[in-house]
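The values are calculated or read from the model by the stated rules, or taken from the named source; none is laboratory data. All values reported here derive from a predicted model rather than from experimental measurement. Here the Cβ positions follow ideal geometry from the backbone for every residue, glycine too, while neighbour counts run over all protein chains shown. Areas reflect the complete protein model, heavy atoms only, side chains present, ligands, DNA and RNA absent. Shrake-Rupley method; radii C 1.70, N 1.55, O 1.52, S 1.80 Å.
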Amino acid sequence: MQYMLSPSTTVRRLRLGLAVVAAAAALTSTACEPAKVTITHQQWVVKDEMNRDRRGAGLWNLPSHYDATKKAQAWAEKLARDGRLSHSNLPDGINSRWCALGENVGYGSSVAAIEDAYMRSSGHRANILSRRWNAVGTGFAKKDGRVYTVQVFIQTC
């Protein structure tokens with residue numbers, strides 16, 4: 001016995017099949033996209049100062065990375081609470097696939113003053129101007145008139 005579909009049945013099944021494929025594609029693309037990064041004005045200033053130095057060296061701006069931003073902000077707040085500088089355990093809090101990580105931590109009277117100090121330090125400057133990174137997270141905290149900034153650099157892979 002042969003089973004033949006009428007043209008209208010074939011079209012309905014084709015439309016249903018396309019709708020299922022479209023829905024699956026939408027779910028897949030959403031699941032693969034990184035979480036949207038929302039940063040405060042102060043975090044943006046930290047990132048803008050750093051990217052200004054990168055542009056001055058002929059490099060591209062680094063976009064914000066979700067995990068690195070969360071980590072940098074949490075670490076800046078910890079530094080402000082402690083009242084002293086220390087580096088984090090870099091992989092902690094980075095749930096994305098990464099090939100390399102870097103971190104700058106500093107404090108001073110302003111974001112611009114801290115960025116200037118980073119650029120005068122060979123290690124901090126190397127992090128800022130590295131071509132290796134493809135994203136960054138920035139953190140900002142202030143306590144007792146002292147500003148703390150954190151830059152977490154990431155090379156995703």
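Key figures for this structure:
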| item | result |
| --- | --- |
| Of all residues in region 70-101 being among the hydroxyl-bearing types (Ser, Thr, Tyr) and more than 14 Å from the chain's Cα centre (by Cα), the one that is surrounded by the most Cβ atoms within 10 Å (Cβ to Cβ) | Ser88 |
| Failed criterion for Met50 (all others in (1) of a type outside the set (S, T, N, Q); (2) open to solvent by 40 Å² or more (accessible area, probe 1.4 Å); (3) modelled with pLDDT of 95 or more; (4) farther than 18 Å from Arg146 by Cβ hold) | (2) |
| Filtered residues of region 134-156 (kept if part of a strand (DSSP E or B) and without any contact (Cβ under 8 Å) to a residue 60 or more places away in the chain) | Val147, Gln155 |
| Inter-residue pairs, beta-carbon under 9 Å, first free of Cβ contacts under 8 Å to residues at least 24 places away in the same chain and among the polar types (S, T, N, Q) and in region 72-94, second surrounded by 11 or more Cβ atoms within 10 Å (Cβ to Cβ) and assigned to a loop (DSSP other than H, G, I, E, B), 6+ apart | none |
| Residue satisfying all of: in region 134-151; closer than 18 Å to Arg52 by Cα and in contact with a Gly (Cβ under 7 Å, 6 or more places away or on another chain); surrounded by the fewest Cβ atoms within 10 Å (Cβ to Cβ) among these | Val150 |
| Qualifying positions in region 102-128 - among the polar types (S, T, N, Q), open to solvent by 40 Å² or more (accessible area, probe 1.4 Å) and in a helix (DSSP H, G or I) | Ser122 |
| Any chance Gln42 is at pLDDT 95 or above, open to solvent by 60 Å² or more (accessible area, probe 1.4 Å) and among the polar types (S, T, N, Q) | yes |
